[in-house]
Each structure stands twice: as structure tokens, then as C-alpha cells.
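Notes follow the structure.
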Amino acid sequence: MEIAKSKVYIQTDVDGRVTRCEGGYTTPSDLTGWTYIDEGIGDRYHLCQSHYFDGGLYTTDGICRWQYNDGACHLRTNEEIVADQAARPTSISVENVTLEMLADHEERICMMELMSA
């Protein structure tokens, strides 16, 4: 009896960073936009989302760890990861967002009251 091999597919962003990995038990039905990279037997291939890429696809703070270029996946350098971290937008405090949202909400209520008068 021959054991079926599972195929592994990835998606990348515009810069070639690997953003998704599917295959095995979760092979997409529509492979448009996916790149075939490998196939094999075992958990690495059947459960590739969590087993294919050593250390996972992302750092603990959500930066892509792997790059696809020249037909293969490569671990990104620490410098590339640090550059992505530095390029992230600065966060806005929840307090400021809440105040802006409340002010916008109050303005809308006033406008509705004026329109109905």
C-alpha cells in the first residue's frame, strides 16, 4: 500500500515574505495565488501550518520569519526582522482613540437632533 504524499503551498506578500502555509489536511480548494513548494509524508507535510517552518511563520510580535525567493524559502536575517519591526506604525493610545470616538459620536447625535427639529 502506497502512502499518499501531502503537498505544501505558501502565500507571500509583495516583498516575498511568507505569510501563509497550507497543505496536507488543509489544502486550499482554490490554489490561485498559492505557490507549491514541497511534498512529503508525515506531520511536517500533513500539518504544515504548524510543523513545516522551524520556529513558525512569525516572530512572537507578528513579523514574518521566512522569505520566498529563487524558488526556495529562506529564514530571514535578524536585520530584516528588526527593520520590519522599526517600520511598524507607532501605536495610538486607547485613551485618545476613545476620546476621538466619543467626540465623533457626540457630533453625530447633535447633527441628528438639529435635522429632526
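Suppose we keep only residues that are more than 21 Å from G23 (Cα to Cα) and among the hydrophobic types (A, V, I, L, M, F, W, C) within the stretch 42-93. Which one would you say is modelled with the lowest pLDDT?
I92
Does R17 count as basic (K, R), out of contact with any Cys (no Cβ under 6 Å at 6 or more places or on another chain), under 19 Å from A72 (Cβ atoms) and surrounded by 15 or more Cβ atoms within 10 Å (Cβ to Cβ)?
no
So which strands (runs of 3 or more DSSP E) are wholly in the stretch 1-103 and hold at least 3 residues that are free of Cβ contacts under 8 Å to residues at least 40 places away in the same chain?
Passing ranges, in order: 6-12, 18-23, 35-40, 72-75.
Within the stretch 28-41, how many residues turn out to be within 17 Å of the chain's Cα centre (by Cα) and at pLDDT below 90?
1
Out of the stretch 24-56, which residues are of a type in the set (A, V, I, L, M, F, W, C) and either within 24 Å of E2 (Cβ to Cβ) or touching a helix residue (DSSP H, G or I) at 6+ places or on another chain (Cβ under 8 Å) (or both)?
If the condition is that a residue be of a type in the set (A, V, I, L, M, F, W, C) and either within 24 Å of E2 (Cβ to Cβ) or touching a helix residue (DSSP H, G or I) at 6+ places or on another chain (Cβ under 8 Å) (or both), then L31, I37, I41, L47, C48 are the ones that fit.
Hey, among Q85, Q67, Q11, which residue is crowded, with 18+ Cβ neighbours inside 10 Å and among the polar types (S, T, N, Q)?
Only one candidate passes the filter, namely Q67.
Is it the case, given these coordinates, that D38 is surrounded by 15 or more Cβ atoms within 10 Å (Cβ to Cβ) and not basic (K, R)?
Yes; evaluated as a whole, the condition is true for this residue.
The values are calculated or read from the model by the stated rules, or taken from the named source; none is laboratory data. Given the structure is predicted, the values throughout are model-derived calculations rather than measurements. Cβ: placed from backbone, ideal geometry, glycine included. Neighbour counts: every protein chain shown.
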